[in-house]
Structures are given as structure tokens and as C-alpha cells.
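Worksheet: the structure to be examined is printed underneath.
The values are calculated or read from the model by the stated rules, or taken from the named source; none is laboratory data. Predicted model only: the values in this text are computed from it and were never measured. Ideal geometry is used to build each Cβ from the backbone, glycine not excepted, and the neighbour counts take in all protein chains shown. The accessibility values were calculated without ligands, DNA or RNA, using every heavy atom of the protein model including side chains. Shrake-Rupley method; radii C 1.70, N 1.55, O 1.52, S 1.80 Å.
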Amino acid sequence: MLAGKEYDGFDPHLASLRTQTRQRVARLSHMRSSPSQYAAAVRDLLGSVSDDNAVIETPVYFDYGRNTHVGKRFYMHAMCVILDSGRVDIGHDVVLGPGVQVYTPQHPLDLVARATKVVTAPSVSIGNNVRVGGGAIILPGVRIGNGVTVGAGSVVTKDVPNNVVVAGNPARIVKHL
């Protein structure tokens, strides 16, 4: 998955890892009132965390958690979904609004290939000082630059350069900052 190669999303080992992730998310939900335990639970859930100030409001969903890496002062509002079969890199000072979805799994368009249940997982990268509005969706393989604002409800289908506001479906640049 992480190497960009095809994988079977129904593999029993991967299903077991996703179950373990749901258990780590449940622990995270119960640790919010204890800052030291909460920071440890966030570190246990994610692949890497740059500081102890990361906040993940629950409920949330991760496929694996360990394939997601976040920078300093990361904030993720409730109801977010990160399907991190591929690597997800999120920079410093990033805020994900409620219901943001980040997808790495990419299913084949060819009907014969689709029947094999084989999937790829291009990585997603979100730069520093980015704000992603509620309900936005970021598709597989997308790179979002530094200083970007993604409007609420947008669907980001292509790479986004630094210092712009994008909005819409598909997301388009609406303002240069």
C-alpha cells in the first residue's frame, strides 16, 4: 500500500489492522480529559506527531492511523475521515474543519480490473498553515501547498499551489493570497 503498489483491501490482515485502529480511536475518545494521556493516545494512533499539541476531536475515522503524519499544532474537528491506506502527510498549523475527508484508496476504472478488488493508494500531502473547510473532500494523490484555504464543501481533485483559496466541485482557485 505505502509503496504505491496494488493491494487487496479485503485481506484479513489489513482488516485486523483496521479493527485495531478503531480500538485506538475509542481509547483516544476516553482520554480527552487527561492531557498527558491524550497526547500519548494521539501518538499511539498516528504514524508521527510533531508535538503534544495535536487535537483530534471525536468521533473520527481512520483506516490505519499509522499512515498519517501530522505537524505541530494540528487540529482536526469531529466527524473527519482519513482513509490512509497510502501515506497522508499534514504540515504544521493545519486545521481540518468538521466532516473533512481525505482519501488515498483509488479503485480501478476498468471494469475487469475492478472485479479483482485490487486497489492502489497514492499519497496525499497537505502543506503548512492550511485551513480545510467543513465537508471538504481531498482525493487520492493530491498535494496541497502552504498557506492554502480550501472552502467548505469543496472537492479537491488536483494539486493546489501555495497561498491560494480554492473552492467548488471540482475545487478551483478563487483567490491568490
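Observations
- Under a 5 Å amide H cut-off, with hydrogens placed 1.01 Å from N, Val156 pairs with Ile137, Ile138, Leu139, Ala171 among residues at least 5 apart or on other chains.
- Within the shell of other residues whose beta carbon sits under 11 angstrom from the beta carbon of Val156, the net charge comes to +2, with Lys and Arg scored +1 and Asp and Glu -1.
- Karplus-derived 3J(HN,Hα) values for region 113-127, using 6.51 cos²θ - 1.76 cosθ + 1.60 with θ = phi - 60°, are 5, 4, 5, 7, 6, 8, 10, 10, 9, x, 5, 10, 10, 10, x Hz; glycine and proline are entered as x.
- Residues whose placed amide H lies under 5 Å from that of Ile82, excluding near-sequence neighbours: Tyr61, Phe62, Asp63, Val102
- Per-selection metrics, the chain (Cα): Rg and Dmax in Å: 16.0, 51
- The listed peptides 148-159, 122-133, 51-62, 5-16, ordered by packing as a protection proxy, come out as 122-133, 148-159, 51-62, 5-16 (highest mean of other Cβ atoms within 10 Å first).
- Counted over the chain, the DSSP beta bridges are approximately 20% antiparallel.
- In region 118-177, one over the average inverse separation of all distinct C-alpha pairs is 11.3 Å, which is the Kirkwood hydrodynamic radius.
- Two-site label geometry, Thr19 and Ser36: point separation in nm, points 7 Å out along Cα→Cβ: 3.3 nm
- A simple spin-label model places the labels of Asp110 and Phe10 2.0 nm from each other, with each point 7 Å out along Cα-to-Cβ.
- Surface accessible to a 1.4 Å probe, per residue, for the residues of region 38-177, Å²: 44 Å²
- Region 73-177: Rg to Rh, with Rh as the Kirkwood radius over Cα pairs: 1.00
- All C-alpha to C-alpha distances of region 48-107, sorted into 5 Å bins beginning at zero, yield P(r) values of 5, 20, 30, 30, 12, 2, 1, 0 percent in whole numbers.
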